[in-house]
Amino acid sequence: MSGERKKIIPQKHPMPEQDPAVRCHNFDEVALGYSEETAVAEANRCIQCKNSPCVEGCPVEIDIPAFIKMIAARDFAGAIKKIKEKNNLPAICGRVCPQENQCESKCTLGKKHEPVAIGRLERFVADWEMAQPEPIQVQAINPLGKRVAVIGSGPAGLTAAADLALMGYKVTVFEALHIAGGVLVYGIPEFRLPKAIVAREIENITRLGVEIRTNYVVGKLASVGELLEQGYDAVFIGTGAGLPYFMDIPGENLNGVYSANEFLTRNNLMKAYKFPQYLTPIRVGKRVAVVGGGNVAMDAARTALRLGAEAYIVYRRTFQEMPARREEIEHAREEGVKFELLASPIEIKGNEEGRVMSIICQRYELGEPDESGRRSPVPIPGAVFEMPVDTVVMAIGQGPNPLIPQTTPELKTNRRGNILAKEETGETSMAGVFAGGDVVTGAATVILAMGAGKKAARAIHDYLQNNKG
């Protein structure tokens, strides 16, 4: 009936998942994705409000109401075209983007009910496209005859490369590792982001004319300045944050202590979980302690669990202050990861052979909030305990690799080694050189890195149109 108000379904349609008792023993994807009928039903929850606040919460500026409306009308081809006008990694974003803190946090429906499941719908149409014989082409490309070098094939680099290619530039991506994808392939486990999905998204980007050169370490084989001398008209640096941080406590050099980067790279990129089929061994023993409370810590603990260990998260605050996504924390708890909260290691003990035997931990209570708004942990005098463990994984953050700044003295960096770049453009202190993502901000999210790559691509286009003949 004309003028009749649509009935609002208060709750999101749940995401089908593997049973926790089953998935904790395999590396298959946990979330199974919406069916066509569920996706259409979820899309119909969107009230298509006029001011579209969800778009304001999207770092890559997707027209969210438009693609959701197309899903509701079962125009899935139109929906993926609409998404790919702004985002060339939709299957990845639909899986790992923290939508609850981005687009969904702005959803008008979420003020009284649960917000529309924007991320799940993005994943649905991306997976629908992958099931088709050929990917959906968004627009024709008019070559401009200029070349751009992109250093790093993580989310910032891939986004910048795709956007620049669509603008008409000849783009070459230089990747230090033997496989493209950056943190998407070495940092995020298979059960959260299947590597076949990443490979397919990258293949779609190469169809735009982007060349990807692997095993190429910029700073060793060529410097940033030398790339410009070789005829590249501009350079984008998106090398991420791959330098792990440690706690500087006694025992960190013992066998059995890993950075989260090494632990996850061995499993995700080098398939240690399939040893001896893949020749990368990893020893976890019976008990693993993962130090930290972010998504990387959850990934490491859930990986250790799947390798057959009893996994513990050791974190110096409580669940409330934990920076990991709620979904990742709940998945870890469901699967059997144990949490030792308000505690932090002060020493790692080893045996006569130099292998980890245990960690000595300090107990804490929460004091006043720090500058980030989280309550600061305060040590409780005399409250020290010992945990027997075989492996310790440090997941307390990471910084930028210093190689490019060290070989490019014209690039200004901050005290942490992050490249200084303008937030809205990615411009650095070096003419024609732009940077974005974790190498600028420090470790953050995939979608924020993508947003930085998108801003830099626009700025590079302006630079090349206005400053180069």
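The values are calculated or read from the model by the stated rules, or taken from the named source; none is laboratory data. Note that the structure is predicted; figures quoted are calculated from it, not measured. Glycine gets a Cβ as well: all are built from the backbone with ideal geometry, and neighbour counts include every protein chain shown. Surface accessibility is based on the protein's heavy atoms, side chains included, excluding ligands, DNA and RNA. Shrake-Rupley method; radii C 1.70, N 1.55, O 1.52, S 1.80 Å.
Key figures for this structure:
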read-out	value
Residue that is least open to solvent (accessible area, probe 1.4 Å) [pool: residues in the range 69-120 that are closer than 21 Å to residue 457 by Cβ and of a type in the set (S, T, N, Q)]	87
Enumeration of residues in the range 449-467 that are under 17 Å from residue 224 (Cβ atoms), open to solvent by 10 Å² or more (accessible area, probe 1.4 Å) and in contact (Cβ under 8 Å) with a residue 40 or more places away in the chain	463
Number of positions in the range 387-402 that are more than 15 Å from residue 290 (Cα to Cα) and open to solvent by 40 Å² or more (accessible area, probe 1.4 Å)	2
Residue match in the range 418-432 (condition: in a strand (DSSP E or B), without any contact (Cβ under 8 Å) to a residue 60 or more places away in the chain, closer than 30 Å to residue 58 by Cα and open to solvent by 40 Å² or more (accessible area, probe 1.4 Å))	yes
Counted residues, the range 348-364 - those being in contact (Cβ under 8 Å) with a residue 40 or more places away in the chain, more than 15 Å from residue 379 (Cα to Cα) and part of a strand (DSSP E or B)	6
Residue check for residue 251: of a type in the set (Gly, Ala, Ser), open to solvent by less than 40 Å² (accessible area, probe 1.4 Å) and modelled with pLDDT of 95 or more	yes
Any hit, the range 435-448, residues being over 21 Å from the mean Cα position of the chain (by Cα), buried (at least 21 other Cβ atoms within 10 Å of the Cβ) and in contact (Cβ under 8 Å) with a residue 12 or more places away in the chain	no
Some residue of the range 234-242 being open to solvent by less than 80 Å² (accessible area, probe 1.4 Å), touching a residue at least 12 places away in the same chain (Cβ under 8 Å), within 30 Å of residue 306 (Cα to Cα) and polar (S, T, N, Q)	yes
Counted residues, the range 245-304 - those being of a type in the set (Gly, Ala, Ser) and assigned to a loop (DSSP other than H, G, I, E, B)	6
Complete set of residues in the range 18-46 that are in a loop (DSSP other than H, G, I, E, B) and hydrophobic (A, V, I, L, M, F, W, C)	24, 27, 30, 32, 46
Whichever residue in the range 328-347 is in contact (Cβ under 8 Å) with a residue 60 or more places away in the chain and open to solvent by 20 Å² or more (accessible area, probe 1.4 Å) and, among such residues, is nearest to residue 96 (Cα to Cα)	334
Identity of the residue in the range 272-309, crowded, with 17+ Cβ neighbours inside 10 Å and of a type in the set (Val, Ile, Thr), that ends up farthest from residue 374 (Cα to Cα)	282
In the range 310-321, the residues that are outside any helix (DSSP H, G or I) and either open to solvent by 10 Å² or more (accessible area, probe 1.4 Å) or touching a Leu at 6+ places or on another chain (Cβ under 7 Å) (or both)	310, 311, 312, 315, 316, 317, 318
Output for the range 105-128, where each listed residue is part of a helix (DSSP H, G or I), charged (D, E, K, R) and more than 15 Å from residue 62 (Cβ to Cβ)	111, 127
Residue 194 touching an Asp or Glu at 6+ places or on another chain (Cβ under 6 Å), surrounded by 16 or more Cβ atoms within 10 Å (Cβ to Cβ) and of a type outside the set (A, V, I, L, M)	yes
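Results for (1) more than 15 Å from residue 227 (Cβ to Cβ); (2) crowded, with 24+ Cβ neighbours inside 10 Å, shown as yes or no for each residue.
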{"site": "137", "(1), (2)": "yes, no"}
{"site": "143", "(1), (2)": "yes, no"}
{"site": "146", "(1), (2)": "no, no"}
{"site": "156", "(1), (2)": "yes, yes"}
{"site": "162", "(1), (2)": "yes, yes"}
{"site": "166", "(1), (2)": "yes, no"}
{"site": "170", "(1), (2)": "no, no"}
{"site": "173", "(1), (2)": "no, yes"}
